[in-house]
Every structure is written in structure tokens, then in C-alpha cells.
Amino acid sequence: MNAARSELRASLLTPTGRGAVAVVALTGPNAADVVARHFTAASGKSQSLSLGRIRFGCWRANAANLETIGEELVVCRTGDDDFEIHCHGGVAASAAILDGLRADGATICEWPEWLALREPDPIVVEARTALAKARTQRTAAILLDQLQGALSRAIEAVRRPSADGELDGAREAAEALLRRAALGRRLVEPFRVVLTGRPNVGKSSLINALVGYRRAVVYDEPGTTRDVVTATTALDGWPVEFSDTAGIREARDPLESAGIAAARRRLAEADLVLVVFDRSQAWTADDANLFAEHPDAIVVHNKCDLPAMEAARPSGLAVSAVGNIGLDELMQAIVQRLVPNPPAPGDAVPFTERQMELIRGLV
Ligand SMILES: Nc1nc2c(ncn2[C@@H]2O[C@H](COP(=O)(O)OP(=O)(O)OP(=O)(O)O)[C@@H](O)[C@H]2O)c(=O)[nH]1
Ligand SMILES: [Mg+2]
């Protein structure tokens, strides 16, 4: 038994918040004695819980006070030193049990930490932790592949040639894996797509059209959006967070100026920028500056339902946020830029910084 397991630990295994049933796990050398102090089986049998048996009974959170009325619940011994307590799913029930176990000397830990105590493979722990946070089926399927060994096998395929002195082969395999890192970082957190453009070009309208509901305020008054407004959706199974930002211009007041500063911060952290122009208006020096500022952006010429103002403009996608024109093409372009080479089923994808460091360290 490793040092961490020689200590009494308890953890809430179900998500925090209300549910039908909550599960508290207890593990440690004297776990059976601790359970016996709190739990009385309904059958009245006093013998200790045998392995794999599920017992219904009464749990007194405060074991020292025999006067208190206990809670009816189910206890299962899942290992010699391991128990699961299945109680009412409200927040209070599991909190009372954990408080009682803490009073008995148990250390309360988060479930990934609890999992790490019993699972020797850190990739499995990381995959299970990430799976609980995955937002789409597509990202969950990729994480499931890693849980089932895709990444471990790929890391082994780097380690083996590296150990045999075949450095070129190892380096190639490592580089192929690390090319997937950008996607791996977005399996739990969404891709960040930020819209920018001059005031009134239709950024907020475009966000609403892309996510399919009215999230951002639209108004025919330049300088309407002052704060960064986000809306999260899935495009082709990839989680994407769109940020609507204040239109970029010489600010008219301190509030607008704060909005523009927030927009610039958000732009700096973006995975992808959409720079939006109003095709029905003349092409201005400000437009040209914005275009030059974001050389990697997708260029969107909005309001294509209106007559176009003749001007030499950079090429881009013609769309209409209010007329619902060109939005499918825009979404496809976004997906193509965010995930140019989607992994095939079973492909390895590193998804934590620890894994990426490990791969870099092998070559
Ligand atoms: N005809 C037409 N009007 C549009 C289109 N998109 C937006 N508008 C209108 O343009 C005006 C400004 O739209 P917003 O979405 O608020 O523009 P914005 O870029 O967010 O503006 P700021 O928040 O001020 O920077 C509104 O009256 C919209 O209805 C479009 O595709 N076609
Ligand atoms: Mg706006």
C-alpha cells in the first residue's frame, strides 16, 4: 500500500449540487471501524459488512451522539478498506456525512485526487477527469479513446525508438503527437473565437445568428456593445465560445474606452478572430488598420443583403446576419480553421500540459 492510501480519506464521487443519489467514498486502514461507528444495518445484524454486500440501514453523521436520528441510506463495501455510502442526493446529506467523517479524522479530497490514489496510470485519471467536463459527444469520444489507451500506446511508440537510439523516428512520432496538442487543449475548454470590427458593422447580430438565439444586444447605434459578451455553442461537434466585443474606434467616453480595452485583451487570447466589415458602407482607413492588425483572421463582409458600396476590399466571406445568408459557409470556415485535421477514431491526442511535457521530454 502506498503512503497516500495508508491514511483515511473520504470523497464525494457525484457532482456537487442536487441529484437523486449522492455517493461518498471512504477509504483507509480503519475504514471498517469508522463505518461501524456511524452505520446500523436495518437487518439488525451486527457483523461487519462483507465484501460486495449492499446494506440498507441508518447512518448517524455524528457518531458520538446516539440521540440523533440517522439518515436512511445504503452502504457497500467495495474493497477491504473501501466503502461507498449512497445517500440522498441533496447537498446537505452528503455534506453531513463528510463532516462526520472529517470529525473521525478522514481527510476530505476531491474525486480526481481520490481516483489518483487507486489508479496508477495518470492518463486514465486525467481522461476520467476531463470526460466529466467534456461538453460534446465528439470531444467525449476523443477522450474515451485516450482513456482506452490510444495516448499511452502512442507515447510508447515514441519511447521505444528513443530508447533504441532511433532518434529520428522518435522525434517524428513526438511531433505528430504534439501537432494534436492545440486540439487536445480544447477538449474540455471551448475554442475561443472573438469578433471584432468597427461599431455598427453587425458583430452582435452575427453572434446571435451563429448561436441561434438573442444573446447580444443589437441596436442601430454605433458603440452599443460595451462589455465582452460570450455565447457558447458547438460547431460540428467542437465546443466554441464566441466573444462579442465593443466596436473598435476612438472612444467617445470612459465606458466605451474600457470596453475597447477589454476587447483588445480578449483578442489577444483568441484561438481565432473574425474581423467583421459592413459591405454596405465605404471602406475606411480604420477598416484597413483593423484588417492589417489581424492578418490571421477570417474576413467577414456583413450586410450582404444590402447593396454593396463599391470599394476595393480584401477578399472574405459575404454574409448577412439578419438575412441569414452565408452563415453555413462561415461556420464551415471557422471549423476548418480551428480543427484543420480532425483525428480519426482511435487516434492519440494529448490533452493536458503534463502529457505534452512528457512527450517533449522523450526526444
Ligand atoms: N441589413 C442588415 N442590417 C444588419 C445586419 N447585421 C446587423 N445589422 C444591423 O446593423 C445595426 C448594428 O448591428 P449590431 O449587431 O448592433 O452591430 P455591432 O457591430 O455589434 O455594433 P457595436 O456594438 O456598436 O459595435 C443594427 O441595426 C442591426 O440590425 C445585416 O446583415 N443586414
Ligand atoms: Mg455590438
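The values are calculated or read from the model by the stated rules, or taken from the named source; none is laboratory data. Bear in mind the structure is a predicted one, so any value in this text is a computation, not a measurement. Cβ: placed from backbone, ideal geometry, glycine included. Neighbour counts: every protein chain shown. In case anyone asks, the SASA skips ligands and DNA or RNA and just uses the protein heavy atoms, side chains included. Shrake-Rupley method; radii C 1.70, N 1.55, O 1.52, S 1.80 Å.
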*Subtract the Cα-Cα distance of ARG171 and TYR219 from 0.36 nm times their separation in residues, and report this length gain in nm to one decimal.*
11.9 nm
*Highest GNM mean-square fluctuation, the chain, Cα pairs closer than 10 Å: which of ALA282, ALA116, ALA181?*
ALA282
*By DSSP, what percent of the beta bridges with both residues in region 1-138 are antiparallel, rounded to the nearest 5?*
95
*Subtract the Cα-Cα distance of ALA42 and GLU156 from 0.36 nm times their separation in residues, and report this length gain in nm to one decimal.*
35.9 nm
*asked:* Between ARG266, ARG180, ARG252, where does the largest GNM mean-square fluctuation fall for the chain, given springs only between Cα atoms within less than 10 Å?
replied: ARG252
*Can you figure out the FRET efficiency of ALA182 with ASN289, using R₀ = 22 Å and their beta-carbon distance, to the nearest 0.05?*
0.20
_Debye log10 I(q)/I(0) for region 232-349, one point scatterer per Cα, at q = 0.14, 0.18 Å⁻¹_ = -0.70, -1.09
*Which percent, nearest 5, of DSSP beta bridges in region 167-251 are antiparallel?*
65
*Over the alpha-carbon set of region 7-79, work out the extent along each principal axis and list the three values in angstrom, largest first.*
32, 27, 22
_Distance (nanometres) between label positions extended 7 Å along Cα→Cβ at VAL91 and ARG354_ = 2.9
*With each pseudo-label sitting 7 Å past Cα toward Cβ, what's the ASP328-GLU113 distance in nm, one decimal?*
5.1
*So what is the calculated 222 nm ellipticity per residue for the chain, using -39500 (n - 2.57) for each DSSP H run with n of 4 or more, over all residues, to the nearest 500 deg cm²/dmol?*
-11000 deg cm²/dmol
_Of all accessible heavy-atom area on the chain, the percent that carbon and sulfur account for (1.4 Å)_ = 51
_Between MET309 and GLN336, what is the label-point separation in nm under the 7 Å Cα-to-beta-carbon projection?_
2.8
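Report, in cubic angstrom per residue, the convex hull volume of the C-alpha atoms of region 242-310.
104
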*Residue among ALA234, ALA64, ALA157 with the largest mean-square fluctuation in a Gaussian network model of the chain, springs linking Cα atoms under 10 Å*: ALA64
*asked:* Below 8 Å between Cα atoms, with a sequence gap of 6+, how large is the relative contact order for the chain in percent?
replied: 14
*How much accessible surface does VAL217 have with a 1.4 Å probe, in Å² rounded to 10?*
100
_Rounded accessible area per residue of the chain, 1.4 Å, Å²_ = 51
*Charge dipole (debye, nearest 20) of the chain; +1 at Cβ of Lys and Arg, -1 at Cβ of Asp and Glu*: 500
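Suppose we flag GluC sites (Glu not before Pro) only when DSSP calls them loop and at most 15 other Cβ atoms lie within 10 Å. Which is the longest uninterrupted stretch of the chain?
It works out to 167-249.
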*At a Förster distance of 45 Å, what's the computed FRET efficiency of ASP253 paired with ARG128, Cβ-Cβ distance as r, to 0.05?*
0.35
*asked:* With only alpha-carbon atoms in the gyration tensor, what are the semi-axes of the equivalent ellipsoid for region 82-148, in Å, largest first?
replied: 29, 16, 8
